[in-house]
Structure formats: C-alpha cells, structure tokens
Amino acid sequence: MTEPMPLPAARAAAGIRRGVVACLGVAAGTALLGLVAGFLWALVAPRPLLVMTGHGTAAVINAETSAFIAGDGWYCFICLAGGVVTGLFGYLLAVRSYGPVAMIMVLVSALAAALITRWIGEHVGLASYHHLLATLPAGARLRAALALGARSAIAFWPLGAGLVAGGMELAAVLRGRQLSSSGSALAPE
C-alpha cells in the first residue's frame with residue numbers, strides 16, 4: 001500500500017502536469033500554425049516563369065526576375081507573423097505561468113513551425129511540376145517549383161516568437177518592480 005503524498009508535493013506534481021500540458025498545447029498549436037503557413041506561402045508566393053529547353057530540362061525566361069526574392073520575402077513575412085502569434089499565445093498560455101522551460105518550448109516549437117512551413121510550401125504542387133517537366137515539349141512554358149533560397153529566413157519565426165514572449169515577460173517584470181517599489185515607498189516606517 002502506498003502512502004498518500006504530502007500536500008505540497010501533490011500540488012507541485014499537479015503544477016508540473018499543468019505546465020507540461022500547457023507546453024505541449026503551445027507546441028501542437030504552433031505546429032498546426034506552421035502547417036497552415038506552409039499552404040499560405042505556397043498560395044501567395046510568386047514563381048518564376050520557365051521555358052522547356054529539352055526533355056526534362058527548363059531554364060528561367062527572365063534571369064533578372066524578382067520572383068525568387070519575392071518568394072523568400074513572403075516566407076519571411078508569413079513566418080514573422082506566425083512568430084508573433086506563437087509568442088503572444090505562448091506567453092499567455094505557458095511562459096507567464098511556467099517560466100523559462102515554457103519559453104524554451106515556445107522557441108523550439110517556433111523553429112519546428114518554420115521548418116514545417118518550408119517543407120509544406122516547397123512540396124505543394126511539386127508532383128505536378130515534375131510531371132510537367134517530364135512531359136512538356138521544348139519551348140513550352142511553366143512555373144518553377146517554390147523553393148526557399150535564403151535558408152536563414154527560417155530564423156524569422158523563432159525571432160518573432162522570442163521578441164513577443166520575451167517582451168511581454170520583460171514588461172511584466174518591470175511592472176512588478178515598479179509596483180513593489182511604489183508600494184514600499186508608501187509603506188509606513
């Protein structure tokens with residue numbers, strides 16, 4: 001027969017369980033947001049126009065096209081927006097109550113969401129692109145597959161999440177210090 005846990009230990013165990021559930025909820029929500037962001041990126045990002053030069057090969061029609069940069073720009077914008085949402089909800093649901101471990105979970109899940117966004121965006125429509133590449137005759141035109149050129153853009157999601165959640169935590173700490181210092185100034189000696 002096991003003895004019941006003392007009350008403080010039971011409260012601590014319950015707090016840890018709530019913290020784990022909150023962190024996993026933030027991670028799952030962030031991953032889902034990354035999935036949606038990937039489809040959004042595939043939908044809005046421009047793709048350069050290609051011309052078939054032979055069987056299975058194509059070349060960019062206009063080498064000075066801005067479609068590559070615009071595609072990366074859309075990825076950065078979408079990831080930054082996702083990071084802001086992740087940071088806001090991550091702070092409200094986890095970081096505020098469970099501290100640094102929850103903040104690490106917010107940042108790790110933000111990185112995972114950026115990678116999910118990239119993978120989904122680059123794979124949506126990839127099969128039809130390869131089919132067209134294999135079947136179109138020379139001279140035919142098609143749009144290139146979406147690809148992230150600036151690999152460092154993956155950092156935008158964790159950056160946005162860290163700035164928002166960290167900024168909110170900093171504001172809460174400063175507000176707490178201000179309240180404690182004004183309360184001690186008013187206290188009688």
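Below is a table of values for the structure above.
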quantity: Residues whose placed amide H lies under 5 Å from that of Ala45, excluding near-sequence neighbours; calculated: none
quantity: Per-residue HN-Hα couplings for the stretch 113-127 [Karplus 6.51, -1.76, 1.60; θ = phi - 60°; Hz; x = Gly/Pro]; calculated: 5, 5, 5, 4, 4, 4, 5, 4, x, 6, 9, 5, x, 5, 5
quantity: Choice from Leu40, Leu142, Leu170 with maximal GNM fluctuation in the chain (Cα, 10 Å cutoff); calculated: Leu170
quantity: Virtual spin-label span in nm between Ser97 and Ala59, 7 Å along Cα→Cβ; calculated: 6.1 nm
quantity: Placed amide H near Ala145: partners under 5 Å, 5+ positions off or other chain; calculated: none
quantity: Gyration tensor (alpha-carbon) shape descriptor, the chain, a/c threshold 1.5; calculated: oblate
quantity: The stretch 16-33 and the stretch 97-130: distance between their alpha carbon centers, rounded to Å; calculated: 14 Å
quantity: Computed [θ] at 222 nm, deg cm²/dmol, the chain (DSSP H ≥ 4; -39,500 (n - 2.57); rounded to nearest 500); calculated: -24000 deg cm²/dmol
quantity: Net +/- balance of residues flanking Glu169 in space, Cβ distance below 11 Å, scoring K and R +1, D and E -1; calculated: +2
quantity: Likely footprinting exposure, Met105, Met168, fewest C-beta neighbours within 10 Å first; calculated: Met168, Met105
quantity: Local net charge near Met103, Cβ-Cβ under 13 Å (Lys/Arg +1, Asp/Glu -1); calculated: 0
quantity: Top positive-direction residue, dipole computed over the stretch 115-189 with Cβ charges, set Leu179, Trp119, Ala140; calculated: Ala140
quantity: Packing-based ranking, highest mean first, of 62-69, 106-113, 42-49 given that Cβ atoms within 10 Å are counted; calculated: 106-113, 42-49, 62-69
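Bear in mind that the values in this text are calculations on the coordinates, not laboratory data. From a predicted model like this one, the values you see are computed outputs, not experimental measurements. Positions of Cβ are backbone-derived with ideal geometry, glycine not excepted, and every protein chain shown enters the neighbour counts.
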